[in-house]
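Working notes, beginning with the structure itself.
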Amino acid sequence: MLSTGLRRALAAHSLAGHRVHQIGPALLTITLDAAHAQALAVLLATRRELPRQAPTAEDELRWGAGPAETAAPSLAVALAAYGSRTYARVLASGHVTAGLTPTAAQQVTDALNTRPVSAPSSRARRRGLGHGWKGIDAGR
């Protein structure tokens, strides 16, 4: 099923908390929080696949008004490369929803599956300021 493949592709990129729904044969929707919608837009937008596009006047009014209002237009621009009938908008709950045709959903799933997934490092991450840091007064 198409929605299952898309769910798995989103989960592989740590885009948790998403909801994917098949609404009839012609529409698939994804609902994400603003941060994950922005992350999905970044994953989908590459220089090779998506030329830089100037935002429309309608999009410029919403840019920067809040996390979801910024994420939705950037996701809409990234999804435009997968078909003209895709969209992204802000819901009253503050989440971002995106609509895709089945063809666009398959292309997005394929694009997410071909992108490298960052593997966790086998070496533990160091926290703090690092080895040998002496503070601001170190130069005295």
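Does the stretch 107-126 include one or more residues that are modelled with pLDDT under 85 and open to solvent by less than 50 Å² (accessible area, probe 1.4 Å)? So far as the stretch 107-126 goes, yes, one or more of its residues are modelled with pLDDT under 85 and open to solvent by less than 50 Å² (accessible area, probe 1.4 Å).
Taking the criterion of being over 19 Å from residue 3 (Cα atoms) and surrounded by fewer than 21 Cβ atoms within 10 Å (Cβ to Cβ), the residues of the stretch 77-94 that qualify are 77, 80, 81, 84, 89, 91, 92, 93, 94.
The values are calculated or read from the model by the stated rules, or taken from the named source; none is laboratory data. As the structure is a prediction and not an experimental result, all values here were calculated from the model. Positions of Cβ are backbone-derived with ideal geometry, glycine not excepted, and every protein chain shown enters the neighbour counts. Please note that ligands, DNA and RNA were not included when accessible areas were found on the heavy atoms of the full protein model with its side chains. Shrake-Rupley method; radii C 1.70, N 1.55, O 1.52, S 1.80 Å.
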